[in-house]
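The values are calculated or read from the model by the stated rules, or taken from the named source; none is laboratory data. Small disclaimer: the values here were computed from a predicted structure and weren't measured. All Cβ positions, glycine included, derive from the backbone under ideal geometry; neighbour counts span all protein chains shown.
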Amino acid sequence: MQDSLIHLSSAGVSLLLDAGGDDLLAIVHWGASLGTLSPEEAATLAQAAVEPVVPNAVDVPIRLSLLPEGWRGWTGKPGIEGHRAGADWSPRFRTSRVTLDGAVVEPSLVESSAGTVVVEAEDADADLRLVLHVQLTDSGVLRAKAVLRNIGATDYELAALNIALPIPPGAREILDFAGRWGKERVPQRSTLMVGIHEREGRKGRTGADAATVLSVGVPGFGFGAGEVWGIHVGFSGNHRSYAERLFSGVQVVGGGELLLPGEIRLKTDEEYSSPWVYGVYGNGLDEQASRLHRMLRGRPEHPRRPRPVTLNVWEAVYFDHDRDRLFDLAESAAPMGIERFVLDDGWFRGRRDDTVGLGDWYVDDEVWPDGLGPLAEHVRALGMEFGLWFEPEMVNPDSDLAREHPEWILATGGRTPVLARNQLVLDLGREDAYDHVLERITAILRMTPVSYIKWDHNRDLVDAGHGCQGVPGVHAQTLGTYRMMQELKRRFPSLEIESCSSGGARVDLGVIEHTDRVWVSDCIDPLERQQMNRWTMQLLPPEMLGSHVASGVSHSTGRSHTLGFRAATALYGHFGVEWDLAAATEDESRELREWIEAHKSYRELLHTGDMVRVDTSDPTLNLYGSVAPDQEAALFVLASIGRSEVAPLGRFTLRGLDPDRRYRVRPVTPGGAPRGLIAPPWFGQDSNGVALTGRALMTAGLHTPAMYPESAILLDVSATS
Ligand code: GLA
């Protein structure tokens, strides 16, 4: 093969790939755009990236491919770990063919905008074949996956297949996420030192504590500025993401599926595909996030019709499925402007609490003697869609299903796994178990007009063994879940699915290929959601984040909040209500109606615009919103989330506007001005606001009003010229 360089470039990102000779594909540059390159410049750049040979290292420069190879002298985390009865553990792949968007790559430099490079390679001694897919999307997201095939006569046991992407030496500050039930995606920063910062997800689900996007950037990077390179593994089972700095100063971010011992044993001609590993560059975290948002919004399956304002009944009734009460709830919801009514856990056989019934997907005829049809029809007659809760992968030991098919439960070591929330996990890697669950959900969906499933998953996979030997079953389980979601969508083409997992423990780009929104957290306390929603948006756009107004006293924290703060916080998301409306006063009902109207009037802007999170000068002030792609309009939320040592906090600036256009900025307070608000003069008579250029608003700014902690106002920004 000839030397060849491929330059992909889109949305301000360049990816210069070296597909030289028969070596495995390597990245010369991934980051800000390099503009147009001549073949000479590209070749010089590739040469300029080669390290000198230093004493006490291997005698040839170490070339780092997307699947880092030990045979070259790379002593960091390898791209492939595996063996064939102890042999073939250090493969050397030789590239036989490289294509760009399907056409074979031959010339010395190929320039393309977005595109997909596919590399075919083989190690004839180790009897392994490899196909690498590397894509730069229209929005500048890099994604890659590797497919490994065993072409030998004996089994090949694969322990890891990691994709690694080089990042420059100036990137030293790590940002990733911690989290737990009720407090997902808590940002944490650290310094990248020599060694590995590795995040392993071993929960058999994405996890409330998942790294989500693991970024490394120049020290001090924020929302608006500072280069960052992030990695995300698009998989809902066990996974790893890491940042590594070597003794040589070479740095990578990488990731892949985390395979359990013996989980992938490839027989002759069998192959394993890694999940997509996403690399996201940005000058600032907002640019990074907006590349992901645009990529997701560009998919044909992205939910496009206005996101229906949702009422979920969980925090209103829990397991108390009283027919009349639920009918009344539907009747109060419709005139409020609610468009979707979701019946949560508790509707199926025996399910009076969380100790019993999971797995028995038959409508409970004690609670619902006429089935769910009458409720669903009532909901539809009121002009709303009907949604229903399922937890398809799970089973209570106290269920007919567990009694009839104990062999369908994931287990190993001849014992039953420890219970979590009184439940065990069904093995969807088994065809019979898979077929049964699919058939049950299908039957319910055929007899009831369900257009939305809240798909829950409420425990970690522990001892999740498959078959009579109890071999690791997480990989097959995860793919089984995806397959079932896909099949249900095929059978019911307008069905939407929400990914819920004890709140937000299944938020990743793997499940997002099959679902339409996520439940961010079981904690709906708006003070917590100010953080959780803003950081979940590092991966997903607001229209995919279930964001509800709950009762005045939060069920998970006991804190009280005004309706204004609860609603203003829920506004920037897929808006909903999770509150017993029968308990709302008349004033509260009126206020909530006004907020629902406000959400609807801004919904298109919020759900199609570019997200902006302003780096405010004070940590007690959150300022964020959405700017229309044509920069005609924007809506910001200005939220006070604490009490500062100074008041009233000076001026704030906006971002994302056209500097040369004039905008009117108006404070908007649906339901009435929040208590404790002291308006600065620019609010004007009748809150008519002020008109200034985008440049003035983004550089000099406007004075912050004085506000009570845990209150918020909206800022409506409209171009006047
Ligand atoms: C999980 C979900 C909740 C609710 C309950 C029902 O905890 O996150 O929203 O659906 O299950 O059991």
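Of note:
- Residues that are closer than 23 Å to PRO303 by Cα, charged (D, E, K, R) and either crowded, with 21+ Cβ neighbours inside 10 Å or more than 22 Å from the chain's Cα centre (by Cα) (or both) within the range 604-638 comprise just one, ASP630.
- Being outside any strand (DSSP E or B) and closer than 17 Å to GLY279 by Cβ holds for only one residue in ALA243, ALA211, ALA225, and it is ALA211.
- Look at (1) touching a helix residue (DSSP H, G or I) at 6+ places or on another chain (Cβ under 7 Å); (2) assigned to a helix (DSSP H, G or I) and you find that MET611 fails only one, number (2).
- Here GLU487 meets each of (1) assigned to a helix (DSSP H, G or I); (2) crowded, with 21+ Cβ neighbours inside 10 Å with one exception, condition (2).
- Positions within the range 95-125 being surrounded by 15 or more Cβ atoms within 10 Å (Cβ to Cβ), under 23 Å from VAL60 (Cα atoms) and in contact (Cβ under 8 Å) with a residue 40 or more places away in the chain, in sequence order: THR95, ALA121
- Residues that are touching a strand residue (DSSP E or B) at 6+ places or on another chain (Cβ under 9 Å) and assigned to a loop (DSSP other than H, G, I, E, B) within the range 65-85 comprise LEU66, LEU67, PRO68, GLU69, TRP74, GLY76, LYS77, PRO78, GLY79, ALA85, listed in sequence order.
- Restricting attention to the range 490-526 and to residues that are more than 16 Å from the ligand (Cβ to nearest atom) and touching a His at 6+ places or on another chain (Cβ under 7 Å), the residue that is nearest to GLU393 (Cα to Cα) turns out to be LEU509.
- Checked against (1) surrounded by fewer than 17 Cβ atoms within 10 Å (Cβ to Cβ); (2) within 22 Å of LEU488 (Cβ to Cβ), LEU401 passes all but a single condition, namely (1).
- All positions within the range 558-579 that are over 24 Å from GLU301 (Cα atoms), assigned to a loop (DSSP other than H, G, I, E, B) and touching a residue at least 40 places away in the same chain (Cβ under 8 Å): HIS561, THR562, TRP579
- The listed residues are LEU161, LEU246, and the only one of them that is buried (at least 24 other Cβ atoms within 10 Å of the Cβ), of a type outside the set (D, E, K, R), more than 29 Å from GLU528 (Cβ to Cβ) and touching a residue at least 40 places away in the same chain (Cβ under 8 Å) turns out to be LEU161.
- Residues that are more than 15 Å from the ligand (Cβ to nearest atom), without any contact (Cβ under 8 Å) to a residue 24 or more places away in the chain and either in a helix (DSSP H, G or I) or farther than 21 Å from GLU498 by Cα (or both) occur in the range 375-393; there is at least one.
- Residue in the range 526-545 that is assigned to a strand (DSSP E or B) and within 20 Å of LYS203 (Cα to Cα) present: no
- Of all residues in the range 252-288 being of a type in the set (D, E, K, R) and crowded, with 20+ Cβ neighbours inside 10 Å, the one that is nearest to ALA211 (Cα to Cα): GLU257
- Filter result for HIS293 (surrounded by fewer than 18 Cβ atoms within 10 Å (Cβ to Cβ) and away from the ligand (no atom under 16 Å from the Cβ)): no
- Scanning the range 15-31 for residues that are in contact with a strand residue (DSSP E or B) (Cβ under 6 Å, 6 or more places away or on another chain) and not charged (D, E, K, R) gives LEU15, LEU16, LEU17, ALA19, LEU24, LEU25, ALA26, ILE27, VAL28, HIS29, TRP30, GLY31.
- Scanning the range 419-433 for residues that are aliphatic (A, V, I, L, M), over 20 Å from PRO261 (Cα atoms) and more than 16 Å from the ligand (Cβ to nearest atom) yields LEU426, ALA433.
- Number of positions in the range 709-721 that are surrounded by fewer than 16 Cβ atoms within 10 Å (Cβ to Cβ) and under 20 Å from GLY671 (Cβ atoms): 1
- Verdict on ASP360 being in a loop (DSSP other than H, G, I, E, B), farther than 23 Å from ASP432 by Cβ and within 16 Å of the ligand (Cβ to nearest atom): no
- Residue count for the range 310-327 satisfying the condition of being within 16 Å of the ligand (Cβ to nearest atom) and part of a helix (DSSP H, G or I): 5.
- For the range 20-50, residues that are within 22 Å of ILE231 (Cβ to Cβ), of a type in the set (A, V, I, L, M, F, W, C) and assigned to a loop (DSSP other than H, G, I, E, B) total 4.
- Extreme residue, surrounded by the fewest Cβ atoms within 10 Å (Cβ to Cβ), among residues of the range 39-66 that are touching a Gly at 6+ places or on another chain (Cβ under 8 Å) and farther than 21 Å from VAL110 by Cα: VAL60
- Unique residue being modelled with pLDDT of 95 or more, basic (Lys, Arg) and farther than 24 Å from LEU539 by Cα when the list is ARG593, ARG613: ARG593
- In the range 126-137, residue surrounded by the fewest Cβ atoms within 10 Å (Cβ to Cβ) [restricted to those that are part of a strand (DSSP E or B) and of a type outside the set (A, V, I, L, M, F, W, C)]: HIS133
- Flag for ALA57 being more than 29 Å from GLY262 (Cα to Cα), of a type in the set (A, V, I, L, M, F, W, C) and in contact with a strand residue (DSSP E or B) (Cβ under 8 Å, 6 or more places away or on another chain): no
- Options ASP59, ASP22, ASP18: the member that is charged (D, E, K, R) and under 19 Å from LEU136 (Cα atoms): ASP18
- Some residue of the range 472-483 being closer than 24 Å to TRP368 by Cα, more than 16 Å from the ligand (Cβ to nearest atom), in contact with a helix residue (DSSP H, G or I) (Cβ under 7 Å, 6 or more places away or on another chain) and not basic (Lys, Arg): no
- The range 334-357, residues that are surrounded by 18 or more Cβ atoms within 10 Å (Cβ to Cβ), within 16 Å of the ligand (Cβ to nearest atom) and within 32 Å of the chain's Cα centre (by Cα): ARG340, PHE341, VAL342, LEU343, ASP344, ASP345, GLY346, TRP347, PHE348, ARG351, GLY357
- Of the residues in the range 204-220, at least one is over 30 Å from SER33 (Cβ atoms), at pLDDT 95 or above and surrounded by fewer than 24 Cβ atoms within 10 Å (Cβ to Cβ).
- The range 447-458: number of residues that are within 16 Å of the ligand (Cβ to nearest atom), assigned to a loop (DSSP other than H, G, I, E, B) and in contact with a Leu (Cβ under 8 Å, 6 or more places away or on another chain): 1
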